[in-house]
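Only one structure is covered here, and it is reproduced in the block below.
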Amino acid sequence: MTAPVATLSDARLSLAGNAGRVDILKGISLKIARGETLGLVGPSGSGKSSLLMLLGGLERATGGTVEVLGRDLTAMGEDALARFRRNHMGVVFQSFHLIPTMTALENVATPLELAGVADAFDRAAAELDAMGLGPRSGHYPSQLSGGEQQRVALARAAAPRPDILLADEPTGNLDGTTGAAIMDLLFGLRDRHGATLVLVTHAPDLAARCDRVIELVDGTLAPRAKAAE
C-alpha cells in the first residue's frame, strides 16, 4: 500500500489572543493519499485555512504531529521548512500575492531561480503558455485582470513541479465564470503534474469535484469526515 503523502496525528493549533489562548484546531487526525484531491469545507472560522497552513508548514502545530512526505514538520526549523516548501509544495491563496514590480514571467521565474533551477525562465514561460497567458507574460499585475492574476499565481505554484498543491479559496475574489475556469486549470495541474491537491472552498460544486470532502466544525472533524479517514 502506498504511504500517505500527509498524516496528521492529534494535530492542534492554539494562538494567543487579547482575551487569552484561542484553540483553533482541536486534535485533527487525518491521512491524505498520494495523488488525492481533498476538499476542506465548513463554516467560516471552523479552521479550514488553519489546517491548510499546518499542511504547508506556514503555521506550526502546538500539539500533535504533522508529517508530510515522511518529514515531521513540527520538528523542522524555519529555514528547513522554507526549503521543504520550496522543493515540494505549491500554494495558491484567495489573494494573488504577486510582486507588483515584476512582470508575470518574472513572478513565475524568480522563485525557480532562487531554487537554483537552470532553465527558470523557459519553464516559467511554458507554464504561462499552459495557462493561456503567453501573450501577457510581459505585463505587470496591475495590467492584468483578476482571473489573469490568479492564473499567474497558479503558474507560479505549478512551475516547481510540486508534490502537493494547497489552494485556499482560490476563486474567492473572482466572478463565477472566471472562477470556474480557474478551477478547471487547477484540476488540470493536478492531472498534468500528478500532484496531491488540497482545496479549501465554500462552494459545494467545487468541493464535489474532489475525490474526498471533509468538513470542519469548530476546529474538529465533523462525524462524516472521521468516517472517511
Determine, yes or no, whether Gly146 is within 26 Å of Gly45 (Cα to Cα) and not aliphatic (A, V, I, L, M). yes
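Which one of these is farther than 22 Å from Val41 by Cα and in contact with a strand residue (DSSP E or B) (Cβ under 6 Å, 6 or more places away or on another chain): Pro162, Pro141? Full working, then the answer.
Details: Pro141 fails: in contact with a strand residue (DSSP E or B) (Cβ under 6 Å, 6 or more places away or on another chain).
Within the list Pro162, Pro141, the selection yields Pro162.
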Identify all residues within the range 47-60 that are buried (at least 21 other Cβ atoms within 10 Å of the Cβ) and either acidic (Asp, Glu) or more than 14 Å from the chain's Cα centre (by Cα) (or both); write none if there are none. Gly47
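Can you tell me how many residues in the range 1-56 are among the β-branched types (Val, Ile, Thr), part of a strand (DSSP E or B) and without any contact (Cβ under 8 Å) to a residue 40 or more places away in the chain? Walk me through how you get there before you give the answer.
Residues of the range 1-56 that are among the β-branched types (Val, Ile, Thr), as a first pass: 2, 5, 7, 22, 24, 28, 32, 37, 41.
Restricting the remaining residues to those that are part of a strand (DSSP E or B) gives 7, 22, 24, 28, 32, 37, 41.
Now restrict to residues that are without any contact (Cβ under 8 Å) to a residue 40 or more places away in the chain: 22.
Matching residues across the range 1-56 total 1.
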Looking only at the range 114-133, filter to residues that are among the charged types (D, E, K, R) and open to solvent by 40 Å² or more (accessible area, probe 1.4 Å); which one of those is nearest to Gly188 (Cα to Cα)? Asp129
Residue count, the range 147-165, condition open to solvent by 40 Å² or more (accessible area, probe 1.4 Å), part of a helix (DSSP H, G or I) and among the acidic types (Asp, Glu), comes to 0
How about the range 194-220: which of its residues are part of a helix (DSSP H, G or I) and either open to solvent by 50 Å² or more (accessible area, probe 1.4 Å) or among the basic types (Lys, Arg) (or both)? Pro204, Asp205
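Of all the residues that make up the range 10-27, how many are among the small types (Gly, Ala, Ser) and open to solvent by 50 Å² or more (accessible area, probe 1.4 Å)?
From the range 10-27, those among the small types (Gly, Ala, Ser) are 11, 14, 16-17, 19-20, 27; that's our starting set.
Among the residues that remain, those that are also open to solvent by 50 Å² or more (accessible area, probe 1.4 Å) are: 16, 19.
Matching residues across the range 10-27 total 2.
Could you go through the range 62-75 and let me know if any residue there is within 20 Å of Ser137 (Cα to Cα) and among the basic types (Lys, Arg).
Taking the range 62-75 first, the residues within 20 Å of Ser137 (Cα to Cα) are none.
No, the range 62-75 has no match at all.
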Considering residues that are open to solvent by less than 60 Å² (accessible area, probe 1.4 Å), touching a Ser or Thr at 6+ places or on another chain (Cβ under 8 Å) and either at pLDDT below 95 or not in a helix (DSSP H, G or I) (or both), the number found within the range 82-113 is 2
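The values are calculated or read from the model by the stated rules, or taken from the named source; none is laboratory data. Please read all numbers here as calculations on a predicted model, not as lab measurements. As a convention, Cβ positions derive from the backbone with ideal geometry for all residues, glycine included, and neighbour counts pool all protein chains shown. Each accessible area value is taken on the protein alone, full model and side chains, heavy atoms only, with ligands, DNA and RNA left out. Shrake-Rupley method; radii C 1.70, N 1.55, O 1.52, S 1.80 Å.
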